[in-house]
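The values are calculated or read from the model by the stated rules, or taken from the named source; none is laboratory data. Fair warning: this is a prediction, and the values are worked out from it, not measured in the lab. Note that each Cβ is placed from the backbone with ideal geometry, even for glycine, and that neighbours are counted across all protein chains shown. Just so you know, the surface numbers come from the protein's heavy atoms only, side chains and all, with ligands and any DNA or RNA stripped out. Shrake-Rupley method; radii C 1.70, N 1.55, O 1.52, S 1.80 Å.
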Amino acid sequence: NGWHINNADLFNEKALDKSLEDADIILCNPPYEVFSAQEREKYPLISSRSGSKAIAVLDAAIARKPKALGFVLPRTFLMDKAYNELRKEIETNYSEVELVSLPDGVFSVSQIETALLIARNPNLESNSRHIVASEVADADKRAFAYTGLPTISRQETRSDSKQIDGNLWIPPLGPLWSRLARLPKLGDYFSGHWGIRWNNRGQSAALAEGPGEHHKLGLLRAHDHRQFKVGAPKWLNIHPDNLYGGGKFDWSRPKILCNAARLSRGYWRLAAAVEDNGLVASQQFIGLWPKEQESSLDLYAISAILNSPIANAFMTDHSTEKRFRIGSLVSLPIPEKLPEQLGEIARQYCKSISKFDLRPSRDQQSSELLDEMDELILEAYDLPP
């Protein structure tokens, strides 16, 4: 039927380059893992392009400058810095580029979060570029398999005068973030770090039976972490010999704890809670500590900002993976001036939900306090109607 099927190891010396020699169109679903030490020794040419197999193969394909590219890639390709130079190359070489964010489980075997890259119409002379960012929702997974039509697409045409920056993904609320770009960032006031990481047996070795030397009360898993409320603490073994990260942070200082992985696939993904009882936390959490010069900040007011619609929309737009990137979180725009009463209302809300075990009840008092916080926060961001 016109197809020529070959079984070969494309990573063998020059095999990949040879297979791409006369290709006008290159379609590829590369492996996503990194080259092991043995593989780097076995495949010195291709592994010298990048430690990531996906990046190395895409780099080799782009270097051939085919008329069209179609790649299935890790979803991190959409915005991750590791792919930025390749996105710049694509933006430079092609006048039509589409990125498609696929839902989890779109492939029957692999559970890795994926995206599609489609680039065509080589940019042989100076002209504009047409960029399309498409998304396939969970509910439309089956329909997409049959029709190839995404749930939603956003498009923009960029003039040739626009600087090539590799920012090909068009977030749903792009105009909002452009408006708020002038504001200070969360990282101007806070340092963010992953929680404690255990070596060898991982978190299975983290639990301790009770008080003891190198035993601390802390939070191991984020399954019961909620907005404004941390979960139930457990005794954790934080002996230095068992750790490879996070143990040296000053956990005794007041801080804000956020979930490190999104809470859901929906729009509400982030939960922040003030922790001022000296609890430690595992890598399922991101700890935010005020910088020294910002020690007077009201942590409860900042936690209200982090739990607001603005912050959750920002993290939904800027996180394409299950696990948040600290760089994305600390780039969250913060109002120039926090409403004076915001921290006190947040404290009242925490008190009102303290009697509930897990999810805050939607009783009238807590609902009114929540609405009041959201109203103050939206006013502080000074958004137009």
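Could you work out how far apart the two model spin labels at Ser328 and Ser354 are, taking each label as a point 7 Å from the Cα in the direction of the beta carbon, and quote it in nm?
3.4
How far is helix 342-353 tilted off the main Cα axis of the chain, in degrees rounded to 10, range 0 to 90?
Once rounded, the angle reads 80 degrees.
Would you list which lysines come within 22 Å of Lys88, measuring only between C-alpha atoms, while excluding same-chain residues fewer than 8 positions from it?
Lys53, Lys65, Lys67, Lys162
If you line up the long axis of helix 53-63 against the longest principal axis of the chain, both from Cα atoms, how many degrees apart are they, to the nearest 10?
Between the helix axis and the principal axis of the chain, the angle is about 40 degrees.
Can you figure out the FRET efficiency of Lys141 with Ile164, using R₀ = 22 Å and their beta-carbon distance, to the nearest 0.05?
Result of the calculation: an efficiency of 0.05.
Going through region 80-153, which GluC sites (Glu not before Pro) have at most 15 other Cβ atoms within 10 Å and a DSSP loop state?
Answer in residue order: Glu125.
Using a Förster radius of 56 Å, what is the FRET efficiency between Ala63 and Leu378 based on their Cβ-Cβ separation? Nearest 0.05, please.
FRET efficiency, Ala63 to Leu378: 0.70.
Using a Förster distance of 51 angstrom, determine the FRET efficiency expected from the C-beta separation of Asn7 and Asp224, and round it to 0.05.
So, using R0 = 51 Å, E works out to roughly 0.55.
Given the -39500 (n - 2.57) contribution per DSSP H run of 4+ residues, what per-residue ellipticity at 222 nm results for the chain, rounded to the nearest 500 deg cm²/dmol?
Taken over the chain, the calculation gives -7500 deg cm²/dmol.
On the Cα set of region 204-249, report Rg and Dmax in Å, please.
11.4, 33
Could you work out the Kirkwood radius for the chain, taking every pair of different alpha carbons, averaging 1/r and inverting it, reported in Å?
Hydrodynamic radius (Kirkwood, Cα only) of the chain equals 23.6 Å.
Filter the trypsin sites (Lys or Arg not before Pro) in region 138-196 to those in DSSP coil with at most 13 other Cβ atoms within 10 Å of their Cβ, and list the result.
The qualifying sites are Lys162, Arg182.
In degrees, nearest 10, range 0 to 90: what is the angle between the Cα axis of helix 364-380 and the longest Cα principal axis of the chain?
60
What do you reckon, how do Thr147, Thr316, Thr114 stack up by accessible area (1.4 Å probe), largest on top?
Largest to smallest exposure gives the sequence Thr147, Thr316, Thr114.
Among Ser134, Ser354, Ser110, determine the one that fluctuates most according to a GNM of the chain built with springs between C-alpha atoms less than 10 Å apart.
Ser110
Counting Lys +1, Arg +1, Asp -1, Glu -1, what net charge surrounds Leu10 among other residues with beta carbon under 12 Å of its beta carbon?
Result for the neighbourhood of Leu10: 0.
Once a ≥ b ≥ c are taken as the square roots of the eigenvalues of the Cα gyration tensor of region 1-99, is the result rounded (a/c under 1.5), prolate (a/b larger than b/c) or oblate (a/b not larger than b/c)?
Since a/c reaches 1.5 but b/c is at least a/b, the shape of region 1-99 is classed as oblate.
Once you put a point 7 Å from the Cα of Arg197 and another 7 Å from the Cα of Ser153, both along the Cβ direction, what distance in nm separates them?
A separation of 4.0 nm, rounded to one decimal place.
Across region 258-319, how large is the tail of the calculated P(r) beyond 19 Å, expressed as a percent of all Cα pairs?
Summing the P(r) of region 258-319 above 19 Å gives 35 percent of all pairs.
Got a number for carbon plus sulfur as a percent of the chain's accessible area, 1.4 Å probe?
50
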